[in-house]
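The values are calculated or read from the model by the stated rules, or taken from the named source; none is laboratory data. Predicted, not measured: the structure shown is a model, and the values here were computed from it. Methodologically, a virtual Cβ is constructed for each residue, glycine included, from the backbone with ideal geometry; neighbour enumeration extends over all protein chains shown. Side chains are part of the model used for accessible areas, which takes the heavy atoms of the whole protein and leaves out ligands, DNA and RNA. Shrake-Rupley method; radii C 1.70, N 1.55, O 1.52, S 1.80 Å.
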Amino acid sequence: VQLQACGGGLVQPGGSLRLSCAASGSIGSVEAMAWYRQAPGKERELVAGITSGGNTNYADSVKGRFTISRDAVKNTVYLQMNSLKPEDTAVYYCNALIRYGATRRYWGQGTLVTVSS
């Protein structure tokens, strides 16, 4: 299984970006997908998650600004990020819980989001 993330870049404060992450390979079913981020000198933290049933959860710091969604047919998860702040600057990683026989967790390669004027 591979997770391919894209959509990062440089954006000014108040701007928007949309990240996407597609899972490919031997996939029986995608149980859940999520976005994490890691800023320099900080631990990786959960940003948002979505289950196969469509239930979502968000870190308090992004509620009302970020929206996670998924395309179950394409095994793709999206993160729409609005009203970006400098403190959102981090490497964003997608994560998927995938069942193919056993259930395993997979990580994407990370995409850098920089919020700066």
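Cysteines of the chain lacking any other cysteine Cβ under 4.7 Å from their own Cβ: CYS6.
Would you work out the relative contact order for the range 62-117, in percent, from Cα pairs under 8 angstrom that are 6 or more residues apart? Relative contact order of the range 62-117: 29 percent. Figure legend: label point modelled 7 angstrom from the Cα of THR56 along Cα→Cβ; residues of the range 15-32 with amide N under 13 Å from it are 19.
Placing +1 on the Cβ of every Lys and Arg and -1 on the Cβ of every Asp and Glu, with no other charges, gives the chain a dipole of roughly 140 debye about its Cα centre.
The residues of the range 1-74 present an accessible area of 56 Å² per residue when probed at 1.4 Å with all protein chains retained. In summary, the convex hull built on the alpha carbon positions of the range 1-88 has an orientation-averaged projected area of 6.0 nm². Over the C-alpha trace of the range 1-48, radius of gyration and Dmax come out as 13.5, 40 angstrom. Computed with every protein chain present, the accessible area of THR76 is close to 10 Å² [probe 1.4 Å].
Rolling a 1.4 angstrom probe over the chain with all protein chains present gives an accessible area of which 47% lies on carbon and sulfur atoms.
Counting 0.36 nm for each residue step from LEU10 to ILE27 and taking away their Cα separation leaves a gain of 2.9 nm.
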